[in-house]
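Okay, so here's the structure we're looking at.
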Amino acid sequence: MLAVVKEKPEAGVTIKQIPVPKPSEGELLIKVKKASICGTDIGIYDWTPWAQDHIKPPIVIGHEVLGEVVEINAQEPTAIKVGDLVSSETHIFCGQCQLCKANKRHICENMELFGIGRNGGFSEYATIPIRTSWRNDREIKEEWMSVQEPFGNAVHAISKARVEGKIVVIFGMGPTGLAASAVAKAYGASQVIGVDPVEYRRNLATAMGCDQVHDALPKEFDNKCDIVIDMSGYPPAIARGFEAVRIGGTMMAFGIPKTKIEIDWGKYMINKELTILSVFGRHIWETWEETTRLLKSGKINLDPIITHRFKLSEFEEAMAIMKSGQSGKIVLTP
């Protein structure tokens, strides 16, 4: 089968033929129907310090995947059947640690990451654990199914931030930031303001329901925003967010910076008495349930986010466009 492999500890990937995997006990074999490129995949491609700390080549990359179940390796009957369309939850939890027992499986102490710590889904076939497989509702578009993982990040962040009736600023109009804009509107935010230096993505932000979109947040918003959500991981944007959030407001962290962040602890953490929140992934399975509800409700349209489609064999071209910033979500078809 064709697969995108991080073969060496250096920039780039190899697109090559490898054997079709066999599902171990407790796993599914899926025929991949759609897969989408994440910002994390860019870091893996470029071999950033984060990637160097998390990836041990060779490995098939890709974690945002939709597949049809073709084989099930389980001793007991499962709710998932051959022919079902499933998406993979990236955070493969152990089910035994204290966090798993406390219903916080998304931050499992012994977590393994699909497409990062084990072979992923940029391939014609993939194996995924049954316990981290989400059976999709066939009323949802297949392309939407393939981007539920990043969409779920947005749902988790906005749900946790409690945005109803609030002025919300979102820095970073990549796919997750765009999705967060739509979710914030669906959850009743009084105003959603998107910020991104790239015009292409600002246009997408308008299509996803932002009330205002700026390349840089004007000074008039300083100390007036109820909730600031950073989806960019860009240090100047994070600093700008601390200026914009009002006293007693909320800062939500999602984007992963490439460098350490310094903040004025006294000015922001103490004087403003902020609530600091963060999100890593999706709450399992509550976020997935809410994602399905939203996508079926008609309140969310993910079509504007999906801007490009490529064959898996065209991965290099797709990655070049993704890195240019002139795209939303890019969906691959094996």
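The values are calculated or read from the model by the stated rules, or taken from the named source; none is laboratory data. Computed from a predicted structure; not experimentally measured. When we count neighbours, we look across all protein chains shown, and the Cβ atoms used for this are built from the backbone with ideal geometry, even at glycine.
Table for the structure above
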read-out: Boolean, Leu274 is assigned by TED's automatic domain parsing to the domain that holds Ala189, farther than 20 Å from Tyr187 by Cβ and in contact with a Cys (Cβ under 9 Å, 6 or more places away or on another chain); value: no
read-out: Wholly enclosed strands (runs of 3 or more DSSP E) of region 266-334 bearing at least 2 residues of a type in the set (Lys, Arg) and surrounded by fewer than 21 Cβ atoms within 10 Å (Cβ to Cβ); value: 306-311
read-out: Every pair of residues 6+ apart whose Cβ atoms lie under 6 Å, when the first sits in region 56-78 and is closer than 23 Å to Gln148 by Cβ while the second is among the hydroxyl-bearing types (Ser, Thr, Tyr) and buried (at least 22 other Cβ atoms within 10 Å of the Cβ); value: Val60/Ser123; His63/Thr90; Glu64/Ser36; Val65/Ser88; Leu66/Ser87; Leu66/Ser146
read-out: Among the residues listed as Lys6, Lys33, the single one being touching a helix residue (DSSP H, G or I) at 6+ places or on another chain (Cβ under 7 Å) and more than 29 Å from Ser232 (Cβ to Cβ); value: Lys33
read-out: Ala79 vs. criteria within 20 Å of Thr287 (Cβ to Cβ) and surrounded by fewer than 14 Cβ atoms within 10 Å (Cβ to Cβ); value: yes
read-out: Near pairs, Cβ below 6 angstrom, 6+ apart or cross-chain, from region 285-298 (within 15 Å of Tyr187 (Cβ to Cβ) and not assigned by TED's automatic domain parsing to the domain that holds His106) to any residue that is surrounded by fewer than 13 Cβ atoms within 10 Å (Cβ to Cβ) and not hydroxyl-bearing (Ser, Thr, Tyr); value: none
read-out: Number of the condition not met by Asp46 [criteria: (1) over 26 Å from Trp134 (Cβ atoms); (2) more than 19 Å from the chain's Cα centre (by Cα)]; value: (2)
read-out: Residue that is nearest to the chain's Cα centre (by Cα), among those in region 285-334 that are over 16 Å from Glu142 (Cα atoms) and among the basic types (Lys, Arg); value: Lys323
read-out: Among (1) of a type outside the set (A, V, I, L, M, F, W, C); (2) in contact with a His (Cβ under 9 Å, 6 or more places away or on another chain); (3) under 27 Å from Leu204 (Cβ atoms), the one test that Gly117 misses; value: (3)
read-out: Filter result (closer than 30 Å to Lys258 by Cβ and assigned to a strand (DSSP E or B)) within region 1-10; value: Ala3, Val4, Val5, Lys6
read-out: Test set (1) in a helix (DSSP H, G or I); (2) modelled with pLDDT of 95 or more - Gly121 fails condition number; value: (1)
read-out: Filter result (of a type in the set (A, V, I, L, M) and surrounded by fewer than 20 Cβ atoms within 10 Å (Cβ to Cβ)) within region 243-257; value: Ile247, Ile256
